[in-house]
Amino acid sequence: MLRGIDKRDLFLNDSDYQKVIDYIQRAKEKIEFTVYAYCLLTNHTHLLLKKQTASLEIGDIVKRITVGHAQYHNVKNGRTGHLFQNRFKSEAVESDTYFLTVLRYIHIPETLEAVIEMLNAQYGLSLTGEDVIALGKTTLTAEREFNKRAGFTSAHDRLPEFFQDEAVPPHNATFDVPEADLDAVFAFADKASVEDVG
């Protein structure tokens, strides 16, 4: 992940986005690597890359992309200095399961934006990303309560450690939750929704 310094916008218009894609393509012409996914957001970027040779470092790939974009951005916008905050953050992807998790994670912002646009168009709403995140927090709170009552712990979590905020049920799990406990969970969720709205 690459983030703009001081949360500065990295991309101010469509040509800025295209320029980064051009820098990625130029880097691919010089060194061998695979781009599995990318997400260019206004103030940060996610890349899922695979180096093709053992001697190549991911940092070498990222450097080829970011140096060019920083120079372009600074010249275009009449500024000097660093464009990116700190060094890029990276995690090694060492399993197929983790690969799929990272792939999904990278595309969450694009998916969220599309869902918001669809909801707004279909129901005449004016939801923002913050609204949807607030609704998600309410849902997560109810899910946590459900998981607790169902006996799930973080040991059941399928997500990589750095994604773990709360336990999720194991894949294809079956469980028996007494109806009274379910009623309590739904009452808790309804109360949380009312409190969030009010």
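The values are calculated or read from the model by the stated rules, or taken from the named source; none is laboratory data. Keep in mind that what you see is a predicted model, and the values were worked out from it rather than measured. When we count neighbours, we look across all protein chains shown, and the Cβ atoms used for this are built from the backbone with ideal geometry, even at glycine.
For GLY124, are the conditions met, namely being outside the structural domain of LEU41 (by TED's automatic domain parsing) and modelled with pLDDT of 85 or more?
Numbers: outside the structural domain of LEU41 (by TED's automatic domain parsing): yes; modelled with pLDDT of 85 or more: yes.
So GLY124 fits the description; yes.
Kindly evaluate ILE65 against the criterion of being among the hydrophobic types (A, V, I, L, M, F, W, C) and without any contact (Cβ under 8 Å) to a residue 24 or more places away in the chain.
no
Restricting attention to region 78-96, does a residue exist that is touching a helix residue (DSSP H, G or I) at 6+ places or on another chain (Cβ under 8 Å), surrounded by 15 or more Cβ atoms within 10 Å (Cβ to Cβ) and part of a helix (DSSP H, G or I)?
No, region 78-96 has no match at all.
Give me a count of the residues in region 27-57 that are exposed (fewer than 13 other Cβ atoms within 10 Å of the Cβ) and part of a helix (DSSP H, G or I).
Within region 27-57, residues that are exposed (fewer than 13 other Cβ atoms within 10 Å of the Cβ) and part of a helix (DSSP H, G or I) number 2.
Filter region 1-26 down to residues that are part of a loop (DSSP other than H, G, I, E, B) and not charged (D, E, K, R) and give me whichever is farthest from VAL75 (Cα to Cα).
Applying the filter and picking the extreme gives MET1.
Exactly one of these conditions fails for ILE65: (1) more than 18 Å from LYS51 (Cβ to Cβ); (2) in the same structural domain as TYR17 (by TED's automatic domain parsing). Give me its number.
Only one criterion is unmet by ILE65, namely (1).
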